[in-house]
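Single-structure report; data block below.
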């Protein structure tokens, strides 16, 4: 272990983390700044968090964002899990390669393009832009992330468990809910959380597909910052960071747990 | 104590009586429980099961034996409903199984990997199939208790599968597949994951269980000893085809082909030419030995035809002294190798032509120094009724 801690390693770790986290730490610190001026420290205060509660525009935006994040990730989880099942289970159907390629494309597609193409679609079908269009757009772009997470679990899933359930008289649909789903649930939950944070963070796609009355929090922050950074914005961002951090940590703990439990079971099974 | 022993004795007698006379496949009035009729299964270009016709009778313990990839598992999976035959018919108790999904078939399977549901405890695993049948709760509890007693796991009901040993898991899997009282129990390499001692014990337990429950068991295995031990009849498969279907003793003593003779146990194959057929007795000569050969087995090939004498190593006798002049069925050779197994010794005898015979002899005395040693000149003989003639 000691061998790994050379001065080179230490420097690169420090530099790497500094690069990643100094801006964020600065933002968190200044959210507790008593001064109205963002860059001048004038003592510790939580006043900006309290004034947030009176900023109706920000509260509204936060509420819209949370609703969109919740419902879009719920829908994306259902669709993504179904896509993952189709991709791992039905081995050789026509156009399988095309389908699996297409489900991963949004992962690497620039958000601007996703946003623009969705906007064009909504305009073409004359869909009133607002809450529902953002929701649909978020389902579209988070679904593939869920599919990837669930698929990686399904690849190692022992299908004889499903065969055993069928053999004991359980029809396929019930088998999914009684056997398959409980066992892949950790992956499904972490897929949901991933989709939730992605939707919460999104600015680009939301700004393309939104309409009047459906301004999300990232959009609100962005538009306010153009008029100058206020400590209030720092406070909002700090809360956002806290939420995302908590969700990501929970998701990774859930997957880790499930993974180590599975490993332990497999080890036990080999004895 | 006396009562238990009397009950044990009574049970032994009834089981013994059934075992001695049980041969429904010889009785033309019996209707088979399971019928495979010209069943073919192809996966793409690969033919896994090729035109198999097979009848299995009620209360039979039937083994499908063969090397891996011979189609035995596919045959079983077709009965369970996980595969549909490409052509041919499959009936169970007179009912055509075509298009019947696995969850509507009155058969249950014990999986090689046991396939216990990891998120359910032992009792819930066993109750799973019963709950599917909408059995009343009290009946389910009673049946689960009964099954746990049957496999002696009463105190493990609340454990999860990963808290059990391999042997215990095997028992849970067995209990779960028996809980619904299926018409046929399918066992896919059920003892493959157990160590040798436990496997042998479990084989005898399986036989007793099958007798006392009066169920039909179909076991798939690649372990010939296992098949010979447990089964009433064995079907040996190779490349998707049934090579021979017969009781274990018949498979061993009267193999139908060289493949069977070689696959089941050890065998010496001596290529010979028929000189005379005298009813049940066949006389032959071979390039392997100058001695004339006589085998008490009728031969399909007439005089001048080729035949192969198959003799098991334990049916050959080995001696340091030459037999009296004019004795038939003699091979002269030299000890090339000896394998001492404790109960048996295996001698590899090299004949003048270079062919090696395997001879096994029980070690009847406690002497450590064996009378026969490396490079000794020996004579190997056999009785006419020890060999079988094979033409295929």
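Read-outs throughout are calculated quantities, based only on the coordinates presented, and are distinct from any laboratory measurement. What you see is a predicted model, and the numbers here were worked out from it, not measured in a lab. So basically every Cβ, Gly included, is an ideal-geometry build from the backbone, and we count neighbours across all protein chains shown.
A compact table of results
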quantity: DSSP bridge pairs, region B:155-296: antiparallel proportion in percent, nearest 5; calculated: 75 percent
quantity: Rg/Rg_globular for chain A, with Rg_globular taken as 2.2 N^0.38 Å and Rg from C-alpha atoms; calculated: 1.23
quantity: When the protein assembly as shown is reduced to its Cα atoms, the Kirkwood hydrodynamic radius in Å; calculated: 31.8 Å
quantity: Euclidean distance between Cα centres, region A:87-158 to region B:54-99, Å; calculated: 43 Å
quantity: Surface/4 of the Cα convex hull for region A:67-123, nm²; calculated: 5.1 nm²
quantity: Gaussian network model of chain A, springs between alpha carbon atoms under 10 Å - residue of A:106, A:218, A:171 with greatest fluctuation; calculated: A:171
quantity: Fraction of antiparallel bridges per DSSP, the protein assembly as shown only, in percent to nearest 5; calculated: 75 percent
quantity: Contact order normalised by residue count of chain A, Cα under 8 Å, 6+ apart, percent; calculated: 30 percent
quantity: Mean projected area (nm²) of the alpha-carbon convex hull when region A:82-204 is viewed from all directions; calculated: 9.2 nm²
quantity: Convex hull projection area averaged over all views, region A:121-271, Cα basis, nm²; calculated: 12.6 nm²
quantity: Residues A:90, A:30, sorted so that the one with the fewest Cβ neighbours within 10 Å comes first; calculated: A:90, A:30
quantity: Sum of -39500 (n - 2.57) over DSSP H runs of 4+, divided by residues of chain A (222 nm, nearest 500); calculated: -25000 deg cm²/dmol
quantity: Residue A:239 paired with residue B:152, simple spin-label distance in nm, labels 7 Å along Cα-to-beta-carbon; calculated: 6.5 nm
quantity: Fewest-first ranking of B:222, A:138, using other Cβ atoms within 10 Å as the exposure measure; calculated: B:222, A:138
quantity: Nearest-ten-degree value, helix A:181-201 long axis tilted from longest Cα axis of chain A; calculated: 20 degrees
quantity: Chain B - Rg over Rh from alpha carbon coordinates, Kirkwood radius; calculated: 1.05
quantity: For chain B, built as a Gaussian network whose Cα springs stay under 10 Å, the top-fluctuating residue of B:98, B:307, B:138; calculated: B:138
quantity: Percent breakdown of C-alpha pair distances by 5 Å bin, ordered from the shortest bin, for region B:252-386; calculated: 2, 10, 19, 22, 20, 14, 8, 4, 1, 0
quantity: Helix A:131-155 vs. chain A, principal-axis angle (Cα, 0 to 90°, nearest 10); calculated: 50 degrees
quantity: Segment residue B:276-residue B:124, length gained on full extension (0.36 nm per residue, minus Cα span); calculated: 47.9 nm
quantity: Residue mean of other protein chain beta carbons inside 10 Å, B:107-120; calculated: 5
quantity: Two-site label geometry, residue A:225 and residue B:47: point separation in nm, points 7 Å out along Cα→Cβ; calculated: 7.1 nm
quantity: Rounded to 10°, Cα long-axis angle of helix B:166-178 versus longest principal axis of chain B; calculated: 70 degrees
quantity: Counting all C-alpha pairs of region B:32-257, share separated by more than 21 Å (%); calculated: 55 percent
quantity: Virtual spin-label span in nm between residue B:84 and residue B:131, 7 Å along Cα→Cβ; calculated: 3.1 nm
quantity: Ranking of B:282, A:255 by count of other Cβ atoms within 10 Å, fewest first; calculated: A:255, B:282
quantity: Residue among B:45, B:208, B:188 with the largest mean-square fluctuation in a Gaussian network model of chain B, springs linking Cα atoms under 10 Å; calculated: B:45
